[in-house]
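Have a look at the structure below, then the notes.
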Amino acid sequence: MLGPLVTEYETQIELQSEEIKGLKFYLKKQLEREKDIFNENEKLAQELEVKQREYLKLLQETRDNVDLLAMVSDGGKVGETEGYKAMKERIHLLTEENHILFEQVTLLRVHHDAVTKECTEKLHEASTKIS
């Protein structure tokens, strides 16, 4: 009488053991994928910082060149020509646009860090439950 019950119990244990193995494998793959994404994000963040510094340096050089160009073309009077004013306004607008983009990148980085932390916590929690 207990034979079929024990057999069914062992079958259920085997099924659950197989499911646990599958979940462990899935969690391992997810963790590897997350690490790859995190490393790629770090690399891109570093590249972005380098590009930002290069852009700011170029922007400063452009401002310096505009001032010099205005002085040469205007006989030494800086800032009075129409072209100079237009260039200065364009530089100002580009600087503001760039600042907004930098803020968006920062917000995206914060969001990514929060999602990464949440995902890591869930993976750890799931791994703890499985073990």
Please identify, among Ala114, Ala86, Ala45, the residue showing maximal mean-square fluctuation in a Gaussian network model of the chain using a 10 angstrom Cα cutoff. Ala86
Estimated inter-spin distance, Asn65 and Glu19, nm [label 7 Å along Cα→Cβ]: 6.6 nm
What is the helix-to-structure angle for 82-130, meaning the angle in degrees between its Cα long axis and the longest Cα principal axis of the chain, kept from 0 to 90 and rounded to the nearest 10? 10 degrees
Structure shown: which of Lys28/Lys51; Lys35/Lys129; Lys43/Lys88; Lys21/Lys43; Lys51/Lys85 lie over 30 Å apart, alpha-carbon to alpha-carbon? Lys28/Lys51; Lys43/Lys88; Lys21/Lys43
With equal scatterers on the alpha carbons only and no solvent term, can you work out the Debye log10 of I(q)/I(0) for segment 82-131 at 0.25 1/Å? -0.86
How large is the dipole of the chain about the Cα centre if only Lys and Arg carry +1 and Asp and Glu carry -1, each at its Cβ, rounded to the nearest 20 debye? 160 debye
Net charge (Lys, Arg +1; Asp, Glu -1) of residues whose beta-carbon lies under 12 Å from that of Lys35, Lys35 excluded, is -2
With a Förster radius of 22 Å, plug the Cβ-Cβ distance of Gln104 and Phe38 into 1/(1 + (r/R0)^6) and report the FRET value to the nearest 0.05. 0.60
extent check for the chain: Cα max minus min per principal axis, descending, whole Å, gives 109, 18, 17
How far is helix 2-73 tilted, in degrees, relative to the longest principal axis of the Cα atoms in the chain, given as a value from 0 to 90 rounded to the nearest 10? 0 degrees
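Laboratory data are not the source of any read-out in this text; all were calculated from the coordinates shown. From a predicted model like this one, the values you see are computed outputs, not experimental measurements. With ideal geometry, Cβ positions are generated from the backbone for all residues, glycine too; neighbour counts draw on all protein chains shown.
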